[in-house]
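Structure first, then comments.
The values are calculated or read from the model by the stated rules, or taken from the named source; none is laboratory data. Worth saying up front: this structure is predicted, and the values here are computed from it rather than measured. When we count neighbours, we look across all protein chains shown, and the Cβ atoms used for this are built from the backbone with ideal geometry, even at glycine. When the accessible area is computed, the model is the full protein with side chains, heavy atoms only, and any ligands, DNA or RNA have been set aside. Shrake-Rupley method; radii C 1.70, N 1.55, O 1.52, S 1.80 Å.
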Amino acid sequence: AFAVSVVSEGVEDETELPVLQKSEKSKTISKIGRELKGIVFVIQSQSNSFHSKRAEDLKREILKQAVDLGKESPTVLLIHQIDKHEGAWTILPLMTDFSVTYGRNTSWIFFCEEDTRIQVIKLLETLRRFDKSKEWFLGKALYDEESTIIHHYAFAENPTVFKFPDFAAGWALSIPLVNKLAKKLKSEPLKSDFTIDLKHEIALYIWQKGEGPHLTPVPEFCTDDVNSYKADDCATTFSNFLPLCGEPVNKEDVFVAVKTCRKFHGDRIPVVKQTWEREAALIEYYSDYADISIPTIDLGIPNTDRGHCGKTFAILERFLNHTSPRTPWLVVVDDDTLISIFRLRKLLSCYDPKEPVFLGERYGYGLATGGYSYITGGGGMVFSRTAVQKLLGSKCRCYSMDAPDDMVLGMCFSGLGIPVTHSPLFHQARPMDYPKDYLSHQIPVSFHKHWNIDPVKVYFTWLAPNTEESHNGKKVGYNREDL
């Protein structure tokens, strides 16, 4: 909190303060008020009940700090409430509205996640260092140590040169930059293609091949734990490495379906059995060939070289019709997915299986022109039984057996008005494909792909239960090799 009272030796009643001191105090409060009104807080929220409540809690906390400062409330927006357009979470389509609504009367748009914690007075002090009449893109800088498929191998010669913001620490755009982006969007509409890593793609768009600003690193934007000794120097901190909302769900509440095919029975399935299979109480392997040594179940769907829509929908049908109706959760993974069922059970304690939940790492397709979001399959797709019932109760099905299953599921759920629920703890790629600093404030649930790594080593370094980092509810460090 910001102290506004003035202590003067021998003065007991504040009404007796010298006029000059009272005037200075009034000016300070007035300045803070103007600065607060000059910030629009945008929380990158989601409509799922668990996430929307967390975002509402953060909104209340921001407004409470404003009241404690004795001033009017700033504007606090929740992304999922701003616009019914499904692409609102990709943020760039909102720049035009931000410019029209706030382009004249505010100074900054400050974005944060639902688990970002903000010291408002420290944030004001931090933003004060930057000339609000200039174009600024501020945040905690991440960078790739090697070029990665996630970023389409951008800056392959030296990927460390390009910085992009860690959303968990919060990031800010000055209004002149917002206005410039809105103007650019008017003349050059966003391309209607894939959204894979939003933070990197936003930074690329703002940079405009060198014509726009780079990200300016701000040391006060932090992802240290809110209880860390470093937090005193931070305007933002981060409060949640792995959500836990009570007891983890029971092992028997999670049914795991592994998609495989005959050609991978010999190399990929043994990895699953050496690593995470023991964490799953209910698990079945679905293939194009019944192998009793694993065992695998032949669903009667031929293997395809492209997508696996036919196989995945057959798995959904089997889950609904051949498992206990008391099993509320289904997880569908590839045979080269590395996953911690132990941590997933903790995460699922936060979700209501009576809701249609479709959970994992969110991607987007064609969101600039009314496309859809989807959960990318490699990191694992989690369904509540309710979601599966609603999906199969509709007429939405594969347009071909080899269509991409994750994208078709995204289209179907979008058509049903069921939003995908994003968790950054699921990963479509390998640990080495993400900045170390980004992974440092996570307790990951999954990684994907075995190429150029030892998958067993990756599992025991990053995901195994004996590497569990929770101690009295706080994250503690443990040794991770450079994988």
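Within the full protein context, the accessible area of HIS214 is estimated at about 100 Å² for a probe radius of 1.4 Å. Taken about its Cα centre, the chain carries a charge dipole of about 1060 debye when Lys and Arg each add +1 at the Cβ and Asp and Glu each add -1 at the Cβ.
How would the chain be classified by its alpha-carbon gyration tensor: rounded, prolate or oblate, with rounded meaning a/c under 1.5 and the a/b versus b/c comparison settling the rest? Walk me through the numbers before you get to the answer.
On the way: a/c = 2.07, a/b = 1.83, b/c = 1.13.
Prolate, since a/c reaches 1.5 and a/b exceeds b/c.
TRP451 contributes an accessible area of around 100 Å² to the protein surface, as traced by a 1.4 Å probe with all chains present. Taking all protein chains together and rolling a 1.4 Å probe, ASP352 ends up with roughly 60 Å² accessible.
Let me know the Kirkwood hydrodynamic radius for segment 323-387, please, with Cα pairs as the basis and the value in Å to one decimal. Before the final figure, lay out each step's value.
On the way: mean 1/r = 0.0768 Å⁻¹.
For segment 323-387, inverting the mean 1/r across all distinct Cα pairs yields 13.0 Å.
Averaging the Cα positions of each part gives two centres, and for segment 142-161 and segment 368-384 these lie 24 Å apart. Need the C-alpha centroid separation for segment 209-235 versus segment 75-128, integer Å. Going from one Cα centre to the other spans 17 Å. According to the square roots a ≥ b ≥ c of the eigenvalues of the Cα gyration tensor, what is the shape class of segment 176-285, taking rounded for a/c under 1.5, prolate for a/b larger than b/c otherwise, and oblate for the remainder? Cα axes put segment 176-285 in the oblate bin. Loop-located trypsin sites (Lys or Arg not before Pro) in segment 100-140 (DSSP state not H, G, I, E or B) with no more than 16 neighbouring Cβ atoms inside 10 Å: ARG104, ARG128, ARG129, LYS132, LYS134.
Suppose all protein chains stay in the model; what accessible area per residue would a 1.4 Å probe give for the chain, in Å²? Mind showing how you got there, number by number?
Working: 21730 Å² over 483 residues.
Averaged over the residues of the chain, the accessible area is 45 Å².
Listed by chain and number, the aspartates and glutamates placed with their C-alpha closer than 15 angstrom to that of LYS230 are GLU220; residues fewer than eight positions away on the same chain are left out.
Relative contact order (percent) for the chain, with alpha-carbon contacts under 8 angstrom and 6 or more residues of separation?
On the way: 914 pairs, mean separation 65.8, N = 483.
Relative contact order here is 14 percent.
Taking a straight Cα-Cα cut-off under 22 Å and skipping sequence neighbours fewer than 8 places away in the same chain, the lysines within cross-link reach of LYS209 are LYS134, LYS140, LYS163, LYS180, LYS183, LYS184, LYS186, LYS191, LYS199. Put simply, when 57-67, 357-367 are sorted by average Cβ atoms within 10 angstrom per residue, most first, you get 357-367, 57-67.
All other residues whose Cβ lies under 9 angstrom from that of TYR285 are scored, Lys and Arg at +1 and Asp and Glu at -1, for a net of -2.
So what is the relative contact order for segment 251-463, in percent, with contacts set as C-alpha pairs under 8 Å and at least six apart? Once normalised by length, the contact order is 23 percent.
Give the calculated FRET efficiency between ASP193 and PHE460 to the nearest 0.05, with a Förster radius of 41 Å applied to their Cβ-Cβ distance. Before the final figure, lay out each step's value.
Working: r = 37 Å, r/R0 = 0.90.
Efficiency computed from Cβ-Cβ geometry: 0.65.
The GluC sites (Glu not before Pro) of segment 170-258 that meet both conditions, a loop assignment by DSSP and at most 11 other Cβ atoms within 10 Å of the site Cβ, are GLU211. Shape class for segment 34-238: rounded, because the ratio a/c of the largest to smallest gyration tensor axis (alpha-carbon atoms, square roots of eigenvalues) is under 1.5. Here is the result for segment 73-125: no GluC sites (Glu not before Pro) lie in DSSP coil with at most 10 other C-beta atoms within 10 angstrom of their C-beta. Take each peptide in 405-413, 296-304, 393-401, count the other Cβ atoms within 10 Å of every residue, and average; sorted highest first, the result is 405-413, 296-304, 393-401. Unpaired cysteine residues in the chain (no second Cys Cβ under 4.7 Å): CYS112, CYS261. Taking all protein chains together, ILE39, ILE82 sort by accessible area into ILE82, ILE39, largest first [probe 1.4 Å]. Per-atom-type breakdown for the chain gives carbon and sulfur 50% of the accessible area (1.4 Å probe, protein chains only).
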